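So the structure is just underneath, and the comments pick up after that.
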Amino acid sequence: MSAQTVDVELGARSYPVWIGHNLLPSYAPLLEALSPYSQRFLIADEAVVETYAKPLQAALQTAGILTHLITVPSGESSKSFAQLERLCDEILAHQPDRKSVLIALGGGVIGDLVGLVASLLLRGVAFVQIPTTLLAMVDSSVGGKTAINSRAGKNLVGAFYQPKAVLADLTSLQTLPPREWNAGYAEVVKYGVIRDAAFYGWLEENRDALHKNDPAILTHAVQHCVAMKAAIVKADETEQDVRALLNFGHTLGHAIEAETGYSRVLHGEAVAVGMVLALKLSAHLGHCSAALAEQLTVHLRAMGLPATLHDIQKDWSIDALIKHCYGDKKAEHGRLTFVLARSIGDAFVEKNTPESAVRSVLEIELG
Ligand SMILES: NC(=O)c1ccc[n+]([C@@H]2O[C@H](COP(=O)([O-])OP(=O)(O)OC[C@H]3O[C@@H](n4cnc5c(N)ncnc54)[C@H](O)[C@@H]3O)[C@@H](O)[C@H]2O)c1
Ligand SMILES: [Zn+2]
């Protein structure tokens with residue numbers, strides 16, 4: 001029950017990320033962190049209620065820490081105004097004060113939703129993240145981005161709001177469906193491609209052991225990603241600059257999600273294809289060799305991920321994909337923003353990507 005700790009250093013809003021195996025349900029620093037609050041609301045994805053939420057609630061109760069358990073339906077559709085309103089109403093019915101804490105137990109959907117509720121409730125109450133998916137552990141639970149979706153698009157209603165602590169119990173990944181695990185892995189690879197060639201090389205060497213949830217390898221991978229994310233968030237909390245690199249693969253990734261209705265294709269799967277396309281675009285614009293996209297394609301496919309648009313479906317509208325790229329939050333003044341790469345480990349933000357280049361790459365991709 002020992003954990004590695006990565007500190008997210010944000011002055012008065014700093015917090016620890018605890019990473020290890022068998023930490024749930026009764027990791028002592030978590031119990032300590034939760035004990036000072038007046039009321040505690042454990043908000044869990046329905047898929048993890050029996051496996052993790054109820055044992056955690058029981059362990060907390062044994063330690064004299066009482067919680068209200070609230071369940072949220074699984075899936076992206078819970079990042080909605082309807083769930084936001086419902087959670088606020090259910091919590092407010094218990095007459096919480098500003099010393100209350102929300103505990104988000106689940107994947108990125110629960111973390112994003114509960115974080116936003118915490119930021120709004122009584123103008124801000126504390127919240128703790130307990131991510132149970134690989135994606136949430138390496139990405140969404142750290143850094144304070146919270147959001148729900150609206151009719152106009154994904155993550156368009158949100159706030160920057162940091163948690164008080166994050167607990168990543170890697171043992172909980174053992175129940176994660178393989179497809180979800182693979183999708184989370186896309187975000188792991190992303191860290192290597194954008195900033196860390198050595199980590200990318202390490203992933204290529206260790207990917208099979210990682211895929212089998214080898215404890216030491218998995219711990220290293222998650223710890224490394226969280227440390228990288230913590231450093232990026234420390235340098236640029238509100239995404240004015242270097243944090244934008246984390247959007248690598250996401251401009252076309254989000255377009256793919258939008259075109260496929262946000263349900264059939266998982267976020268990480270869309271990002272996997274988006275990353276390969278971003279490397280193809282980088283090569284097309286003369287920033288790197290075509291071999292980079294090929295190398296990443298081999299790696300992603302070996303991990304059970306799609307790497308081309310045709311791996312997802314046969315028919316695509318290039319116009320529609322490009323239109324979604326313009327709709328991206330990162331598009332400024334009607335220009336296309338892409339994260340491109342010069343080599344593995346050396347990505348940069350291109351705020352003025354020519355539409356004609358994106359179109360050419362998509363035509364070759366679908367030709
Ligand atoms: N805030 C950020 O910085 C950030 C970053 C990346 C992604 N996101 C958001 O995260 C969301 C995706 O997160 P996700 O991939 O974790 O999806 P998710 O929360 O939908 O979880 C994936 C699926 O796994 C199930 N599940 C979760 N944990 C489980 C476990 N341990 N065992 C069995 N089943 C389990 C869930 O019920 C769900 O069906 C998207 O909405 C995306 O926009 C946010
Ligand atoms: Zn992502």
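The values are calculated or read from the model by the stated rules, or taken from the named source; none is laboratory data. Note that the structure is a prediction, hence the values are computed from the model and not measured. Every residue, glycine among them, receives a Cβ derived from its backbone with ideal geometry; neighbour counts consider all protein chains shown.
Of all the listed residues (A93, A126, A165), the sole one being without any contact (Cβ under 8 Å) to a residue 24 or more places away in the chain and away from ligand 1 (no atom under 13 Å from the Cβ) is A93. Could you tell me whether any residue of region 161-183 is modelled with pLDDT under 95 and either of a type in the set (S, T, N, Q) or within 16 Å of ligand 2 (Cβ to nearest atom) (or both)? No, because not a single residue in region 161-183 is modelled with pLDDT under 95 and either of a type in the set (S, T, N, Q) or within 16 Å of ligand 2 (Cβ to nearest atom) (or both).
Please indicate, with yes or no, whether at least one residue in region 105-119 is closer than 20 Å to V48 by Cα, within 16 Å of ligand 2 (Cβ to nearest atom) and of a type in the set (V, I, T). Yes, region 105-119 contains a residue that is closer than 20 Å to V48 by Cα, within 16 Å of ligand 2 (Cβ to nearest atom) and of a type in the set (V, I, T).
Hey, R151 hits all of (1) at pLDDT below 95; (2) touching a strand residue (DSSP E or B) at 6+ places or on another chain (Cβ under 9 Å); (3) farther than 19 Å from L87 by Cα but one; which does it fall short on? In the conditions (1) at pLDDT below 95; (2) touching a strand residue (DSSP E or B) at 6+ places or on another chain (Cβ under 9 Å); (3) farther than 19 Å from L87 by Cα, R151 misses (2) alone.
Based on what the data block shows, is K99 of a type in the set (K, R) and within 16 Å of ligand 2 (Cβ to nearest atom)? The answer is no for K99.
Residue-wise test of (1) surrounded by fewer than 22 Cβ atoms within 10 Å (Cβ to Cβ); (2) within 25 Å of A198 (Cα to Cα); (3) over 17 Å from the mean Cα position of the chain (by Cα); (4) within 16 Å of ligand 2 (Cβ to nearest atom).
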position	(1), (2), (3), (4)
Q223	yes, yes, no, no
K229	no, yes, no, yes
Q240	yes, no, yes, no
E257	no, no, no, yes
Y262	yes, no, no, yes
G268	no, yes, no, yes
M275	no, yes, no, yes
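Of the residues that make up region 285-306, is at least one within 17 Å of the chain's Cα centre (by Cα) and under 20 Å from F199 (Cβ atoms)? The answer is yes; a qualifying residue exists.
The condition (being of a type in the set (G, A, S), within 27 Å of A231 (Cα to Cα) and in the same structural domain as T171 (by TED's automatic domain parsing)) is satisfied by just one residue among A28, A44, A63: A28.
In this structure, does T67 turn out to be free of Cβ contacts under 8 Å to residues at least 40 places away in the same chain, surrounded by fewer than 18 Cβ atoms within 10 Å (Cβ to Cβ) and either more than 16 Å from ligand 2 (Cβ to nearest atom) or of a type in the set (F, W, Y) (or both)? Here the answer is no, as T67 does not meet what is asked.
For the condition assigned to a helix (DSSP H, G or I) and basic (K, R), K99 does not qualify. A count restricted to region 1-43 and to residues that are part of a loop (DSSP other than H, G, I, E, B) and touching a His at 6+ places or on another chain (Cβ under 7 Å) stands at 1.
None of H324, H310, H299, H284 is touching a residue at least 40 places away in the same chain (Cβ under 8 Å) and either within 16 Å of ligand 1 (Cβ to nearest atom) or in the same structural domain as N155 (by TED's automatic domain parsing) (or both) except H324. Here E204 passes the criteria (1) in contact (Cβ under 8 Å) with a residue 40 or more places away in the chain; (2) within 16 Å of ligand 1 (Cβ to nearest atom) except the one numbered (2).
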